[in-house]
Amino acid sequence: MRILYGVQGTGNGHITRARLLCSALKKQGIEVDVLMSGRVGKAPEVEEFGEYKSLKGISFHHKGGKVDKWATFKDLSLKQFRNDLAELDLSGYDLLINDFEPVSAWAAKKQGLTSISISHQAAFLHDIPTKEMGLWNRLLVRNFAPCEYNLGVHWCDFKQTIAPPLVEKLDELTNNGKILVYLPFESLEQIRPLLTRFTGHQFVCFHPEIKQAENDGNLELQPIHRDNFLEHLRSCAGVFCNAGFELPSEAMAAGKKLLVKPLFGQFEQVTNAYTLQSLGLAHIAESLEPYILDSWLQLDQSEPVYYPDVANILAEHIRNNTWQDLDAMAREMWQQVSYPAASQLLMANIMSDSTVTAESLTKIKVSG
(Lines give C-alpha, C1' and ligand atoms only; values in the text may rest on other atoms or scores of the structure.)
Protein backbone atom coordinates (compact mmCIF):
# COMPACT_ATOMS: atom_id res chain seq x y z
CA MET A 1 0.00 0.00 0.00
CA ARG A 2 1.30 3.43 -0.93
CA ILE A 3 0.01 6.65 0.63
CA LEU A 4 0.59 10.30 -0.14
CA TYR A 5 0.43 12.48 2.98
CA GLY A 6 -0.36 16.15 2.27
CA VAL A 7 0.70 18.46 5.10
CA GLN A 8 0.01 22.18 5.59
CA GLY A 9 3.31 23.82 6.49
CA THR A 10 1.93 26.96 8.19
CA GLY A 11 2.65 26.47 11.90
CA ASN A 12 4.18 23.37 13.44
CA GLY A 13 0.99 21.65 14.65
CA HIS A 14 0.21 20.06 11.29
CA ILE A 15 3.79 18.81 11.04
CA THR A 16 3.73 17.36 14.57
CA ARG A 17 0.53 15.44 13.87
CA ALA A 18 1.85 14.18 10.53
CA ARG A 19 5.13 13.07 12.12
CA LEU A 20 3.29 10.78 14.52
CA LEU A 21 0.96 9.28 11.92
CA CYS A 22 3.70 8.86 9.30
CA SER A 23 5.81 6.97 11.81
CA ALA A 24 2.88 4.74 12.81
CA LEU A 25 1.99 4.00 9.18
CA LYS A 26 5.56 3.05 8.31
CA LYS A 27 5.67 0.68 11.30
CA GLN A 28 2.67 -1.05 9.75
CA GLY A 29 4.70 -1.62 6.58
CA ILE A 30 2.93 1.09 4.57
CA GLU A 31 4.90 3.19 2.10
CA VAL A 32 4.36 6.91 2.76
CA ASP A 33 5.42 9.90 0.66
CA VAL A 34 4.97 13.41 2.06
CA LEU A 35 4.04 16.62 0.27
CA MET A 36 4.20 19.89 2.22
CA SER A 37 3.02 23.30 1.09
CA GLY A 38 2.42 26.71 2.65
CA ARG A 39 5.70 26.86 4.56
CA VAL A 40 7.23 30.32 4.79
CA GLY A 41 11.02 30.22 4.85
CA LYS A 42 13.29 27.19 4.76
CA ALA A 43 11.58 23.81 4.62
CA PRO A 44 12.27 21.96 7.89
CA GLU A 45 14.05 18.64 8.12
CA VAL A 46 11.66 16.06 9.53
CA GLU A 47 13.15 12.63 10.09
CA GLU A 48 9.80 10.83 9.89
CA PHE A 49 9.09 12.38 6.47
CA GLY A 50 12.39 11.49 4.84
CA GLU A 51 12.85 13.19 1.47
CA TYR A 52 9.60 15.01 0.81
CA LYS A 53 8.14 17.25 -1.88
CA SER A 54 7.74 20.94 -1.02
CA LEU A 55 5.38 23.28 -2.89
CA LYS A 56 4.42 26.92 -2.43
CA GLY A 57 0.73 26.26 -1.76
CA ILE A 58 -1.07 28.93 0.26
CA SER A 59 0.48 30.51 3.36
CA PHE A 60 -1.16 32.48 6.15
CA HIS A 61 0.86 35.47 7.36
CA HIS A 62 0.65 37.15 10.76
CA LYS A 63 1.82 40.32 12.45
CA GLY A 64 1.51 41.59 16.02
CA GLY A 65 -0.45 38.57 17.25
CA LYS A 66 -3.07 38.81 14.47
CA VAL A 67 -3.56 37.35 11.01
CA ASP A 68 -2.19 39.77 8.40
CA LYS A 69 -4.86 39.46 5.70
CA TRP A 70 -3.15 41.89 3.33
CA ALA A 71 0.20 40.08 3.45
CA THR A 72 -1.61 36.77 3.01
CA PHE A 73 -3.43 38.13 -0.05
CA LYS A 74 -0.27 39.63 -1.57
CA ASP A 75 1.52 36.29 -1.25
CA LEU A 76 -1.15 34.39 -3.16
CA SER A 77 0.05 32.93 -6.44
CA LEU A 78 -2.92 31.28 -8.12
CA LYS A 79 -0.95 30.66 -11.31
CA GLN A 80 1.67 28.71 -9.37
CA PHE A 81 -1.09 26.84 -7.55
CA ARG A 82 -2.72 25.83 -10.85
CA ASN A 83 0.64 24.71 -12.27
CA ASP A 84 1.45 22.62 -9.18
CA LEU A 85 -2.02 21.09 -9.31
CA ALA A 86 -1.65 20.16 -12.99
CA GLU A 87 1.80 18.64 -12.48
CA LEU A 88 0.99 16.51 -9.42
CA ASP A 89 0.52 12.91 -10.61
CA LEU A 90 -1.26 10.70 -8.06
CA SER A 91 -1.57 7.60 -10.24
CA GLY A 92 0.85 5.59 -8.09
CA TYR A 93 -1.04 6.03 -4.82
CA ASP A 94 -3.80 4.05 -3.11
CA LEU A 95 -4.87 6.78 -0.67
CA LEU A 96 -4.32 10.43 0.18
CA ILE A 97 -4.16 11.45 3.84
CA ASN A 98 -4.50 15.20 4.08
CA ASP A 99 -3.88 17.69 6.87
CA PHE A 100 -5.31 20.92 5.41
CA GLU A 101 -2.97 20.86 2.40
CA PRO A 102 -4.77 22.24 -0.69
CA VAL A 103 -2.69 21.07 -3.67
CA SER A 104 -2.87 17.34 -2.93
CA ALA A 105 -6.53 17.59 -1.84
CA TRP A 106 -7.66 19.22 -5.07
CA ALA A 107 -5.44 16.90 -7.15
CA ALA A 108 -7.03 13.85 -5.49
CA LYS A 109 -10.50 15.26 -6.14
CA LYS A 110 -9.63 15.87 -9.80
CA GLN A 111 -7.92 12.51 -10.34
CA GLY A 112 -10.39 10.36 -8.40
CA LEU A 113 -8.00 9.22 -5.65
CA THR A 114 -9.66 8.25 -2.36
CA SER A 115 -8.82 10.91 0.23
CA ILE A 116 -9.29 11.39 3.96
CA SER A 117 -8.71 14.56 5.89
CA ILE A 118 -7.26 13.93 9.35
CA SER A 119 -6.89 17.39 10.81
CA HIS A 120 -8.15 19.80 13.43
CA GLN A 121 -9.73 21.89 10.67
CA ALA A 122 -11.83 18.90 9.61
CA ALA A 123 -13.55 19.03 13.00
CA PHE A 124 -15.11 22.35 11.95
CA LEU A 125 -16.89 20.61 9.08
CA HIS A 126 -19.13 19.10 11.76
CA ASP A 127 -21.72 20.82 13.93
CA ILE A 128 -19.51 21.75 16.86
CA PRO A 129 -19.27 24.89 19.00
CA THR A 130 -17.29 27.70 17.37
CA LYS A 131 -16.54 31.33 18.09
CA GLU A 132 -16.15 34.10 15.50
CA MET A 133 -16.22 31.60 12.63
CA GLY A 134 -18.56 33.40 10.23
CA LEU A 135 -19.62 32.47 6.70
CA TRP A 136 -16.23 33.20 5.07
CA ASN A 137 -14.34 30.87 7.41
CA ARG A 138 -16.98 28.14 6.99
CA LEU A 139 -16.50 28.33 3.23
CA LEU A 140 -12.71 28.35 3.68
CA VAL A 141 -12.72 25.22 5.85
CA ARG A 142 -15.05 23.42 3.44
CA ASN A 143 -13.25 24.33 0.21
CA PHE A 144 -9.57 24.96 1.07
CA ALA A 145 -8.54 21.29 1.05
CA PRO A 146 -11.67 19.20 0.29
CA CYS A 147 -11.50 15.44 0.88
CA GLU A 148 -13.89 12.52 0.34
CA TYR A 149 -13.75 11.48 4.02
CA ASN A 150 -13.28 13.81 6.98
CA LEU A 151 -12.04 12.83 10.44
CA GLY A 152 -11.56 15.88 12.62
CA VAL A 153 -9.45 15.83 15.77
CA HIS A 154 -10.50 17.80 18.84
CA TRP A 155 -10.50 17.81 22.66
CA CYS A 156 -14.11 16.66 22.82
CA ASP A 157 -16.19 14.70 20.31
CA PHE A 158 -19.34 16.86 20.72
CA LYS A 159 -21.31 13.79 19.56
CA GLN A 160 -19.75 14.07 16.11
CA THR A 161 -17.32 12.02 13.99
CA ILE A 162 -14.22 13.38 15.69
CA ALA A 163 -11.08 11.69 17.03
CA PRO A 164 -8.97 12.62 20.06
CA PRO A 165 -5.65 14.45 19.53
CA LEU A 166 -2.60 12.66 18.17
CA VAL A 167 -0.12 13.22 20.99
CA GLU A 168 3.46 12.06 21.46
CA LYS A 169 3.70 10.27 24.80
CA LEU A 170 6.33 11.85 27.05
CA ASP A 171 8.01 9.72 29.70
CA GLU A 172 9.99 10.71 32.82
CA LEU A 173 7.77 13.73 33.53
CA THR A 174 8.96 16.06 36.29
CA ASN A 175 8.21 19.56 37.61
CA ASN A 176 11.12 21.97 38.03
CA GLY A 177 8.81 24.96 38.51
CA LYS A 178 9.77 26.64 35.23
CA ILE A 179 7.25 27.99 32.72
CA LEU A 180 7.67 27.02 29.08
CA VAL A 181 6.74 29.88 26.73
CA TYR A 182 6.10 29.45 23.01
CA LEU A 183 4.39 32.44 21.37
CA PRO A 184 5.67 32.46 17.77
CA PHE A 185 2.89 34.78 16.58
CA GLU A 186 3.85 37.49 19.10
CA SER A 187 6.86 39.80 18.91
CA LEU A 188 9.82 38.89 21.08
CA GLU A 189 10.05 42.60 21.95
CA GLN A 190 6.69 42.26 23.71
CA ILE A 191 7.30 38.87 25.29
CA ARG A 192 10.71 39.57 26.84
CA PRO A 193 9.81 42.54 29.11
CA LEU A 194 6.62 40.79 30.21
CA LEU A 195 8.48 37.73 31.46
CA THR A 196 11.50 39.46 33.02
CA ARG A 197 9.30 41.53 35.36
CA PHE A 198 8.21 38.33 37.18
CA THR A 199 11.53 37.80 38.91
CA GLY A 200 10.10 35.18 41.28
CA HIS A 201 9.48 32.80 38.39
CA GLN A 202 11.76 31.11 35.89
CA PHE A 203 10.79 31.07 32.20
CA VAL A 204 12.14 29.20 29.18
CA CYS A 205 11.13 30.95 25.96
CA PHE A 206 11.37 29.39 22.50
CA HIS A 207 10.80 31.78 19.58
CA PRO A 208 11.62 31.97 15.84
CA GLU A 209 13.50 35.26 16.39
CA ILE A 210 15.98 33.62 18.79
CA LYS A 211 19.04 32.35 16.92
CA GLN A 212 21.23 31.24 19.83
CA ALA A 213 20.62 30.40 23.47
CA GLU A 214 21.14 33.09 26.10
CA ASN A 215 20.10 33.91 29.66
CA ASP A 216 18.54 37.17 30.82
CA GLY A 217 17.99 37.00 34.58
CA ASN A 218 14.94 34.78 35.14
CA LEU A 219 14.51 34.24 31.41
CA GLU A 220 16.19 31.52 29.35
CA LEU A 221 15.98 32.17 25.61
CA GLN A 222 16.15 29.17 23.26
CA PRO A 223 16.12 28.79 19.46
CA ILE A 224 13.46 26.42 18.17
CA HIS A 225 14.65 22.83 18.37
CA ARG A 226 12.14 19.98 18.67
CA ASP A 227 14.11 17.64 20.96
CA ASN A 228 15.22 20.45 23.28
CA PHE A 229 11.66 21.76 23.37
CA LEU A 230 10.31 18.35 24.40
CA GLU A 231 12.88 18.09 27.18
CA HIS A 232 11.65 21.38 28.65
CA LEU A 233 8.03 20.30 28.16
CA ARG A 234 8.74 17.16 30.20
CA SER A 235 10.16 19.11 33.11
CA CYS A 236 8.21 22.38 33.24
CA ALA A 237 5.37 23.38 35.57
CA GLY A 238 3.21 25.07 32.94
CA VAL A 239 2.95 26.17 29.33
CA PHE A 240 2.15 29.66 27.98
CA CYS A 241 1.49 29.43 24.25
CA ASN A 242 -0.68 30.49 21.35
CA ALA A 243 -4.01 28.69 20.97
CA GLY A 244 -3.05 26.22 18.29
CA PHE A 245 -4.00 22.59 18.71
CA GLU A 246 -1.02 20.27 19.08
CA LEU A 247 1.02 22.02 21.79
CA PRO A 248 -1.98 22.53 24.12
CA SER A 249 -2.79 18.84 23.58
CA GLU A 250 0.76 17.83 24.49
CA ALA A 251 0.76 20.09 27.55
CA MET A 252 -2.54 18.66 28.82
CA ALA A 253 -1.37 15.09 28.26
CA ALA A 254 1.75 15.89 30.31
CA GLY A 255 -0.32 17.40 33.13
CA LYS A 256 1.06 20.92 32.69
CA LYS A 257 -1.14 23.91 33.53
CA LEU A 258 -1.94 25.87 30.41
CA LEU A 259 -2.35 29.53 29.45
CA VAL A 260 -3.24 30.24 25.81
CA LYS A 261 -3.06 33.48 23.80
CA PRO A 262 -5.21 33.16 20.64
CA LEU A 263 -4.07 34.61 17.34
CA PHE A 264 -6.93 37.02 16.76
CA GLY A 265 -8.27 37.11 13.24
CA GLN A 266 -7.92 33.32 13.01
CA PHE A 267 -11.22 31.78 14.10
CA GLU A 268 -9.59 28.42 14.81
CA GLN A 269 -7.34 29.80 17.54
CA VAL A 270 -10.12 31.93 19.03
CA THR A 271 -12.45 28.92 19.09
CA ASN A 272 -9.68 26.73 20.54
CA ALA A 273 -9.05 29.17 23.38
CA TYR A 274 -12.65 29.47 24.48
CA THR A 275 -13.31 25.75 24.05
CA LEU A 276 -10.37 24.96 26.33
CA GLN A 277 -11.63 27.45 28.90
CA SER A 278 -15.20 26.16 28.71
CA LEU A 279 -14.02 22.58 29.25
CA GLY A 280 -11.87 23.60 32.21
CA LEU A 281 -8.65 22.64 30.45
CA ALA A 282 -6.88 26.02 30.16
CA HIS A 283 -7.04 29.75 30.88
CA ILE A 284 -7.01 32.54 28.29
CA ALA A 285 -4.74 35.55 27.85
CA GLU A 286 -6.52 37.86 25.42
CA SER A 287 -3.52 40.19 25.57
CA LEU A 288 0.01 40.22 26.99
CA GLU A 289 -1.02 42.06 30.15
CA PRO A 290 1.00 41.42 33.34
CA TYR A 291 -2.08 40.95 35.55
CA ILE A 292 -3.30 38.04 33.37
CA LEU A 293 0.00 36.20 33.61
CA ASP A 294 0.26 36.97 37.33
CA SER A 295 -3.16 35.45 38.05
CA TRP A 296 -2.34 32.30 36.10
CA LEU A 297 1.05 31.84 37.75
CA GLN A 298 -0.69 31.55 41.13
CA LEU A 299 -2.77 28.54 39.99
CA ASP A 300 -2.03 25.01 41.11
CA GLN A 301 -0.69 22.28 38.84
CA SER A 302 -3.19 20.62 36.52
CA GLU A 303 -4.16 16.96 36.31
CA PRO A 304 -3.21 15.22 33.05
CA VAL A 305 -5.60 14.26 30.28
CA TYR A 306 -5.09 10.67 29.11
CA TYR A 307 -5.24 10.05 25.37
CA PRO A 308 -4.74 6.66 23.68
CA ASP A 309 -2.21 6.11 20.89
CA VAL A 310 -4.48 7.59 18.22
CA ALA A 311 -1.81 7.43 15.51
CA ASN A 312 -1.31 3.70 16.02
CA ILE A 313 -5.05 2.99 16.06
CA LEU A 314 -5.46 4.92 12.79
CA ALA A 315 -2.50 3.18 11.19
CA GLU A 316 -3.84 -0.27 12.08
CA HIS A 317 -7.26 0.50 10.64
CA ILE A 318 -5.68 1.90 7.46
CA ARG A 319 -3.50 -1.19 7.05
CA ASN A 320 -6.52 -3.47 7.57
CA ASN A 321 -8.70 -1.30 5.29
CA THR A 322 -11.28 -0.85 8.08
CA TRP A 323 -10.91 2.91 8.44
CA GLN A 324 -13.96 3.88 6.36
CA ASP A 325 -16.31 3.36 9.36
CA LEU A 326 -15.15 6.62 10.94
CA ASP A 327 -17.84 6.65 13.64
CA ALA A 328 -16.87 3.24 14.99
CA MET A 329 -13.17 4.05 14.86
CA ALA A 330 -13.70 7.34 16.72
CA ARG A 331 -15.84 5.64 19.42
CA GLU A 332 -13.06 3.10 19.96
CA MET A 333 -10.63 5.95 20.66
CA TRP A 334 -12.88 8.03 22.95
CA GLN A 335 -13.60 5.02 25.17
CA GLN A 336 -9.94 5.20 26.20
CA VAL A 337 -9.81 8.96 26.99
CA SER A 338 -9.74 10.15 30.60
CA TYR A 339 -10.13 13.78 31.77
CA PRO A 340 -9.45 15.53 35.09
CA ALA A 341 -12.43 15.40 37.45
CA ALA A 342 -13.37 19.08 37.02
CA SER A 343 -13.42 18.77 33.23
CA GLN A 344 -15.51 15.60 33.43
CA LEU A 345 -18.15 17.53 35.38
CA LEU A 346 -18.20 20.38 32.86
CA MET A 347 -18.51 17.96 29.94
CA ALA A 348 -21.21 15.99 31.74
CA ASN A 349 -23.24 19.18 32.14
CA ILE A 350 -22.84 19.98 28.44
CA MET A 351 -23.80 16.47 27.34
CA SER A 352 -26.31 15.70 30.12
CA ASP A 353 -29.44 16.07 27.99
CA SER A 354 -29.93 12.89 25.97
CA THR A 355 -31.71 14.97 23.32
CA VAL A 356 -28.89 17.50 23.08
CA THR A 357 -28.36 18.87 19.59
CA ALA A 358 -25.42 20.50 17.91
CA GLU A 359 -27.25 23.81 18.17
CA SER A 360 -27.60 23.55 21.94
CA LEU A 361 -23.95 22.69 22.26
CA THR A 362 -23.09 26.11 20.92
CA LYS A 363 -23.71 27.52 24.40
CA ILE A 364 -19.94 27.10 24.74
CA LYS A 365 -19.69 30.11 22.42
CA VAL A 366 -20.77 32.48 25.16
CA SER A 367 -18.14 31.29 27.63
CA GLY A 368 -15.79 34.27 27.75
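The table below lists the values:
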{"quantity": "Selection from A273, N242, I191 lying farthest towards where the dipole of the stretch 153-288 points positive, charges on Cβ", "calculated": "A273"}
{"quantity": "Restraint check, K26/K211; K178/K211; K79/K261; K131/K159; K159/K257, Cα-Cα greater than 29 Å", "calculated": "K26/K211; K79/K261"}
{"quantity": "DSSP beta bridges in the chain [antiparallel fraction, %, rounded to 5]", "calculated": "10"}
{"quantity": "Nearby aspartates and glutamates by direct alpha-carbon distance to K27 (threshold 16 angstrom, same-chain neighbours under 8 apart not counted)", "calculated": "E47, E48, E168, D309, E316"}
{"quantity": "Degrees separating the helix 341-351 axis from the principal Cα axis of the chain, which is the longest one", "calculated": "50"}
{"quantity": "Per residue accessible area in Å² of the chain, where ligands, DNA and RNA are left out and the probe is 1.4 Å", "calculated": "45"}
{"quantity": "Distance between the stretch 1-42 and the stretch 120-193 - C-alpha centres, whole angstrom", "calculated": "17"}
{"quantity": "Inter-site label distance for W136 and I210 at 7 Å from Cα along Cβ, in nm", "calculated": "3.4"}
{"quantity": "Percent accessible area from carbon and sulfur atoms, the stretch 143-240, protein chains only, probe 1.4 Å", "calculated": "44"}
{"quantity": "Two-decimal Rg/Rh across the stretch 131-285, once Rg and the Kirkwood Rh are taken from alpha-carbon atoms", "calculated": "1.00"}
{"quantity": "Model label zone, T114; criterion: amide N under 17 Å from point 7 Å along Cα-to-beta-carbon; scope the stretch 308-331", "calculated": "314-330"}
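The values are calculated or read from the model by the stated rules, or taken from the named source; none is laboratory data. Everything quoted here is computed from the prediction, not taken from an experiment. No Cβ is skipped: glycine too gets one built from the backbone with ideal geometry, and neighbour counts run over all protein chains shown. Each accessible area value is taken on the protein alone, full model and side chains, heavy atoms only, with ligands, DNA and RNA left out. Shrake-Rupley method; radii C 1.70, N 1.55, O 1.52, S 1.80 Å.
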